[in-house]
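Bear in mind these aren't lab numbers, they're just calculated from the coordinates by the rules spelled out. What you see is a predicted model, and the numbers here were worked out from it, not measured in a lab. Note that we place each Cβ from the backbone using ideal geometry, even for glycine, and neighbour counts take in every protein chain shown.
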Amino acid sequence: MALNVLIVDDSSLTRKRIRRIIEMVDLEVGRFMEAGNGIEALRILGESRVDLVLADLNMPEMGGADMVRRMKTSEATKSIPVVVVSTESRTTRIKDLLAEGVKDYLHKPFTPEEFREITQTLWSEQAIEYGDVLTKALSQALETMAFLTILPMEEDLAIPVKTVLAEISFTGAKTGTIQILAPWNFCEILAENIGALSEVDDKARHDALKELANVTSGLFLPMVVSSTADAFDITVPTTTSCDNSSQWHELVADQNSCVLNIEGYMVATRLIMKD
Amino acid sequence: MKTKDFSGIINNGPLPSPQDVEVPCDIGDLLNDYVESTESMLAELEQAALAYEADQGCEENSAAVRRILHKIKGESSMVGIDQMCELCHQAEFAFEELPKHKRPDMLLRFKDWTWAAMHSMTD
């Protein structure tokens, strides 16, 4: 996905130079946006999708630190990563900024390599945060509806061959899809736990995973996408089966997926967000 | 890039020649932008220094001086003109350390030296 980058600096020369440094890095940029101070930046943030903010500290009207504080008070902007680009060298000041939510710091001048390193760290952190949230959502859903236990991952766990994939889409403040991929025998346990069935057929397996997808969405959406699940319309979950491990490998290859060990069964979740 | 000693800005001591400021060979079209921006800020600095002299200790003029020196330092740093960056750093230090009545002269000397350096770069 191409990133939209907002450069905030009162010097047009510095904005131009930063833009050129970014262009030297192998980073797919959709749009460059520029602001001369924090007020202009907040206006742009309110009107456009921004994925990364690079901001100076000392600017007229509103500096970078105040801008970050204002961003943190808004649901729409609080999670947008901000990297401060400044000649500031006092470590206490930098520590304060990091404590206030600034993601990282680049000292002027910086090299394309330094910028690349920061963006790599940022995106890997985001992936970890996403994974953590997915894990939490799935864990809560399982504990709530199926009384199943989440265990630490073990190296010798078998990659599922026969799998069921449940998908549930949501639209509203954000649009996307949640996928849960579970082994066939795990769905059987799930169906037994949910329905107290003595014999589980294929339909029961699929229905059990659909129910898991449903409750996971209800818990997941308020946690990361909006403060309330009521702000979303959720589709009826659908399921598909697979007799080889291709479904598993395809899903877990995505950076926005996470894998859990649920009582010895590997279950994967993926979040697909649409622009 | 050779290191130059700009500590003379604080005690009215000698400064390196403005003709010797080194410009990175890959600066390209940014040089014109840099010179134009710096000259504009030097004009502002001169006004701020004169206003400061007329009304010593005025916080508004002090803030303007700090902002301009910081901005020239930042732009010099971004385009890789390290000697200008060092001079600004020394000037920022001098502005804080010098007695108030000596600050305007230091700022005007900084302005004259930098102006000469800008002309040298574009010749």
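Here segment A:130-274 is assigned +1 on the Cβ of each Lys and Arg and -1 on the Cβ of each Asp and Glu. Its dipole about the Cα centre then comes out at about 500 debye. For the options B:Asp82, B:Asp29, B:Asp20, a Gaussian network treatment of chain B with springs between C-alpha atoms closer than 10 Å singles out B:Asp29 as fluctuating the most. Using a Debye calculation, one point per C-alpha and no hydration shell, please list log10 I(q)/I(0) for segment B:68-118 at q = 0.27, 0.31 Å⁻¹ in order. Once normalised to I(0) and log-transformed, intensities are -1.05, -1.23.
Dipole of segment A:48-152, Cα-centred, from +1 at each Lys and Arg C-beta and -1 at each Asp and Glu C-beta, to the nearest 20 debye?
180
Taking amide H atoms as placed 1.01 Å from N in the peptide plane, the amide H of A:Thr175 lies under 5 Å from those of A:Lys274, each 5 or more residues away in sequence or on another chain. Listed values for segment A:138-153 are Karplus-derived 3J(HN,Hα) couplings in whole Hz (6.51 cos²θ - 1.76 cosθ + 1.60, θ = phi - 60°), namely 5, 4, 5, 4, 5, 5, 6, 9, 10, 6, 9, 9, 8, 10, x, 5, and x replaces Gly and Pro. The convex hull drawn around the Cα atoms of chain A, when projected onto a plane and averaged over every direction, covers 16.2 nm².
In this label model, A:Lys203 and A:Arg43 are separated by 6.1 nm, measuring between points 7 Å along each Cα→Cβ vector.
Each of A:Asp233 and B:Asp112 was given a label point 7 Å from its Cα along the Cα-to-Cβ line. The distance between the two points is 7.5 nm.
Round to the nearest 0.05 the FRET efficiency obtained for A:Ile150 and B:Asp5 when R0 = 45 Å and r is the Cβ-Cβ distance. Taking R0 as 45 Å, the efficiency between A:Ile150 and B:Asp5 is 0.10. Simple spin-label model, 7 Å along Cα-to-Cβ: A:Asp243 to A:Ile272 in nm? Placing both labels 7 Å beyond Cα along the Cβ direction yields 2.4 nm.
Segment A:1-42 and segment B:78-94 have Cα centres lying 24 Å from one another. When shorter helices are ignored and each DSSP H run of at least 4 residues is given -39500 (n - 2.57), the per-residue value for chain A at 222 nm works out to -13500 deg cm²/dmol. If you take all other residues with their beta carbon under 10 Å from the beta carbon of A:Asn58, and give Lys and Arg +1 and Asp and Glu -1, the sum is -1. Taken about its Cα centre, the protein assembly as shown carries a charge dipole of about 660 debye when Lys and Arg each add +1 at the Cβ and Asp and Glu each add -1 at the Cβ. Here r is the Cβ-Cβ distance between A:Glu100 and A:Asp132 and R0 is 22 Å; the resulting FRET efficiency, rounded to 0.05, is 0.50. Per residue of chain B, the DSSP helices (runs of n ≥ 4 H) give a summed -39500 (n - 2.57) that works out to -23500 deg cm²/dmol at 222 nm. Charges on Cβ only, +1 for Lys and Arg, -1 for Asp and Glu, centred on the Cα centroid of segment A:1-142; of A:Leu6, A:Ala141, A:Ala35, which one is farthest towards the dipole's positive end? Projecting each Cα onto the dipole axis, the largest value belongs to A:Ala35. Based on the alpha-carbon gyration tensor of segment A:3-110 and its eigenvalue square roots a ≥ b ≥ c, which shape applies: rounded if a/c is under 1.5, prolate if not and a/b is larger than b/c, or oblate? Taking the square roots of the gyration eigenvalues as a ≥ b ≥ c, segment A:3-110 is rounded. Legend: translational diffusion of chain B by Stokes-Einstein, Rh = Kirkwood radius over C-alpha pairs, 4 °C, 1.567 mPa s; D = 90 µm²/s. Given A:Leu190, A:Pro109, A:Leu45, which one lies farthest toward the positive end of the charge dipole of chain A, if we put +1 on the Cβ of every Lys and Arg and -1 on the Cβ of every Asp and Glu? Sorting the options by dipole projection puts first A:Pro109.
Among B:Ile68, B:Ile81, B:Ile27, the largest mean-square fluctuation in a Gaussian network model of chain B, built with springs joining Cα atoms closer than 10 Å, belongs to B:Ile27. Annotation: amide H-H contacts under 5 Å for A:Met62 (H modelled 1.01 Å from N, sequence separation of 5 or more, or interchain): A:Gly38, A:Ile39. Given A:Lys16/A:Lys78; B:Lys73/B:Lys100; A:Lys174/A:Lys274; A:Lys108/B:Lys71, which pairs have Cα atoms separated by over 19 Å? Pairs exceeding the cut-off: A:Lys16/A:Lys78; B:Lys73/B:Lys100. Across segment A:1-93, the mean sequence separation of Cα contacts (distance under 8 Å, 6 or more residues apart), normalised by length, yields a relative contact order of 31 percent. Applied to segment A:5-20, the Karplus parametrisation 6.51 cos²θ - 1.76 cosθ + 1.60 on θ = phi - 60° returns per-residue 3J(HN,Hα) values of 10, 10, 9, 10, 7, 6, 9, 5, 5, 5, 4, 5, 5, 4, 4, 5 Hz, with x for Gly and Pro.
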